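Enquirer: Structure in C-alpha cells, see below.
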Amino acid sequence: MKHHAIDELQIVAEVNPDFPRRTLSRTERLQRWAELLERDPHRRLSTLHETEYQPARVRAAMRGDGSPISVAFEDPVFRAAGLENDSYGEAKRFFELSDEQLHKVICYCHFGATVSASTAARHIRGMLVEKQPTLFARLRQLFVG
C-alpha cells in the first residue's frame, strides 16, 4: 500500500478532511473483515510472533506486512470508519476484541509463520456467535437466580 500526504492527494482528488466517518457496529466491522479475507481465501497471511508473551505496550505496537490486520487496513471503508493503522493494538481497539480473541486470529503459535485468509476469516466469524451458557451456568441461574 502506498501512503500519501493529504497535500499530494489534493492534486489529483478532492479531499475533505471534515467528511463524516461512517459508524459501523462491532458486528458490521467483524463481518466486513471476514468478507475481505474471504475474497482471496487461499492467500497466505503473516502472523505475529508470541503475542501472548509480549508486554502490553510492545504487543499493541506489533504489526506485520501482509497480516490479517493489514487486509483490514487496506480497506477504505475501515479507514474512513476510524481504523488508523495495521497494528495489533489498533485492531484490538477498532474491532473491540480482547487479547485472547485477537490472539486466536493472528498469533504464530496457532498457525506458524502464515495463516490462510479463510482460516483467519473463520476465527473472526466465530466471534460473532453468541456463546451459549454452560450447563453449570444455566443450573446456577435456575437455582440461585
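Bear in mind these aren't lab numbers, they're just calculated from the coordinates by the rules spelled out. Bear in mind the structure is a predicted one, so any value in this text is a computation, not a measurement. Here the Cβ positions follow ideal geometry from the backbone for every residue, glycine too, while neighbour counts run over all protein chains shown.
Enquirer: With 10 angstrom as the radius, rank Asp86, Asp40 by how many other C-beta atoms surround their C-beta, starting from the fewest. If you can, show how the numbers build up before the last one.
Expert: On the way: Asp86 20, Asp40 13.
The fewest-first ordering by Cβ neighbours comes to Asp40, Asp86.
Enquirer: Return a whole-number percent for the relative contact order of segment 25-74, with Cα pairs under 8 Å and 6 or more residues apart as the contact set.
Expert: Working: 23 pairs, mean separation 21.9, N = 50.
Contact order relative to length: 44 percent.
Enquirer: Using the 10 angstrom Cβ neighbour count as an exposure proxy, how do His110, His103 rank, fewest first?
Expert: On the way: His110 13, His103 20.
So the ranking, lowest neighbour count to highest, is His110, His103.
Enquirer: If you don't mind, there's one more thing I want to ask. Sort Arg140, Arg63, Arg29 so the one with the fewest other Cβ atoms within 10 Å of its own Cβ comes first.
Expert: Arg140, Arg63, Arg29
Enquirer: With a cut-off of at most 15 other beta carbons within 10 Å, and DSSP calling the residue loop, which GluC sites (Glu not before Pro) in segment 93-145 qualify? Please list them. The partial results should precede the final answer.
Expert: Details: sites: Glu96, Glu100, Glu130; in loops: Glu96, Glu130.
Taking segment 93-145 and a limit of 15 other Cβ atoms within 10 Å, the loop GluC sites (Glu not before Pro) found are Glu96, Glu130.
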